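Working notes, structure below.
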Amino acid sequence: SQQGEEDPQALSIQEGENATMNCSYKTSINNLQWYRQNSGRGLVHLILIRSNEREKHSGRLRVTLDTSKKSSSLLITASRAADTASYFCAEETSGSRLTFGEGTQLTVNP
Amino acid sequence: DTGVSQDPRHKITKRGQNVTFRCDPISEHNRLYWYRQTLGQGPEFLTYFQNEAQLEKSRLLSDRFSAERPKGSFSTLEIQRTEQGDSAMYLCASSGQGRTSSYEQYFGPGTRLTVT
């Protein structure tokens with residue numbers, strides 16, 4: 001069963017705007033990972049943040065982690081139409097399985 | 001292309017038939033994972049291998065499901081006596097030995113199974 005919850009479930013923005021997606025989880029984690037899934041394509045790894053990290057950047061992506069609140073957020077700056085996809089957070093707890101949330105469907109309108 | 005590959009990409013079968021899927025991981029990766037994803041949901045973990053050893057299986061993996069990784073390279077996932085509820089996307093992922101205990105998983109394109 002899914003343990004994580006993402007918020008919002010769907011987000012629609014205009015190109016150039018920033019998009020923020022949130023993820024909550026329930027267990028202690030080794031790390032938290034964010035993935036993107038385009039329609040008809042596989043999951044693409046975006047960024048990994050370890051439990052002892054609070055913030056991480058990669059290009060237009062910024063991820064934060066608050067282990068006291070068991071939450072993480074993904075910020076995409078200066079969004080593009082090509083960013084339209086489903087975004088999933090996934091908890092890694094034991095060096096093996098990933099537990100995914102239900103995802104946020106992001107639509108970036110040109 | 002040196003990514004994770006899966007075969008077939010699509011499979012339509014009749015209820016009660018057996019199906020087998022194959023996954024070829026990134027060559028230097030020693031860990032291989034199987035997940036199942038239904039429409040509108042995130043992937044759900046099924047099982048994983050480290051080299052040829054199957055180290056963990058989800059309760060989702062009923063006795064109709066079996067996975068192997070005989071030589072620690074490619075893996076197969078077999079579903080016996082398929083049911084309509086088995087219709088889903090079956091995803092394979094692989095990961096290598098990280099510098100810490102963290103493993104980034106790289107996913108294949110998936111095999112979409114439709115049971116009629």
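Rounded to the nearest 0.05, what FRET efficiency do B:SER66 and B:LEU39 have when you use their Cβ-Cβ distance and R0 = 30 Å? Mind dumping the intermediate values first?
Numbers: r = 25 Å, r/R0 = 0.83.
My answer for the efficiency is 0.75.
What distance in nm lies between label points placed 7 Å from Cα along the C-beta direction at A:HIS57 and B:GLN17?
Reported label-point gap for A:HIS57 and B:GLN17 is 5.3 nm.
Tell me the net charge near B:PHE21. Cut-off is 15 Å between Cβ atoms, B:PHE21 excluded, with +1 for each Lys or Arg and -1 for each Asp or Glu. Numbers along the way, then the final one.
Details: positive: B:ARG9, B:LYS11, B:ARG22, B:ARG36, B:ARG64, B:ARG69, B:ARG112; negative: B:ASP7, B:ASP24, B:GLU68, B:GLU78, B:ASP86.
Here the charged neighbours net out to +2.
In terms of Cα to Cα distance under 29 Å, which lysines are near enough to A:LYS56, apart from those fewer than 8 places away along the same chain?
Once the sequence-local lysines are set aside, what remains near A:LYS56 is A:LYS26, A:LYS69, A:LYS70.
Short version: what are the Cα gyration tensor semi-axes of the protein assembly as shown, square root of 5 times each eigenvalue, largest first, in whole Å?
Working: eigenvalues 172, 83, 49 Å².
Rounded to whole Å, the semi-axes are 29, 20, 16.
Give me the percent relative contact order of chain B, please, defined on Cα pairs under 8 angstrom at least 6 residues apart.
Numbers: 289 pairs, mean separation 41.8, N = 116.
Relative CO of chain B lands at 36 percent.
Specify the longest stretch of chain A that does not include any exposed loop site, a site being one of the trypsin sites (Lys or Arg not before Pro) with a non-H, G, I, E, B DSSP assignment and at most 14 other Cβ atoms within 10 Å. Intermediate results must be reported in sequence, preceding the final value.
Details: sites that count: A:LYS26, A:ARG41, A:ARG54, A:ARG60, A:LYS69, A:ARG80.
Excluding the exposed sites themselves, the longest stretch runs over A:81-110.
Once R0 is set to 45 Å, what does the formula 1/(1 + (r/R0)^6) return for the Cβ-Cβ distance between A:ARG80 and A:LYS26, expressed as a FRET efficiency to the nearest 0.05? Spell out each step's value before the answer.
Values: r = 33 Å, r/R0 = 0.73.
Between A:ARG80 and A:LYS26 the formula returns 0.85.
Could you tell me the calculated FRET efficiency between B:SER27 and A:ARG50, based on Cβ-Cβ distance and R0 = 30 angstrom, to the nearest 0.05?
Details: r = 26 Å, r/R0 = 0.87.
Here the calculated transfer efficiency is 0.70.
Let me know the whole percent of all Cα-Cα pairs from chain A that are separated by more than 23 Å. Can you show the working numbers first?
On the way: 1256 of 5995 pairs.
Summing the P(r) tail past 23 Å for chain A gives 21 percent.
Between B:LEU39, B:HIS29, B:ALA53, whose Cα lies farthest towards the positive end of the dipole of chain B when Lys and Arg beta carbons carry +1 and Asp and Glu beta carbons carry -1, centred on the Cα centre?
B:LEU39
For segment B:1-78, which trypsin sites (Lys or Arg not before Pro) are both in a DSSP coil and crowded by at most 16 other Cβ atoms within 10 Å?
On the way: sites: B:ARG9, B:LYS11, B:LYS14, B:ARG15, B:ARG22, B:ARG31, B:ARG36, B:LYS57, B:ARG59, B:ARG64, B:LYS71; in loops: B:ARG9, B:LYS14, B:ARG15, B:ARG59, B:ARG64, B:LYS71.
Listed in order of number, the matching sites are B:ARG9, B:LYS14, B:ARG15, B:ARG59, B:ARG64, B:LYS71.
Taken together, the values in this text are just the output of simple stated rules run on the coordinates, not laboratory data. Values in this document were obtained by computation on a predicted structure and should not be read as measured data. When we count neighbours, we look across all protein chains shown, and the Cβ atoms used for this are built from the backbone with ideal geometry, even at glycine.
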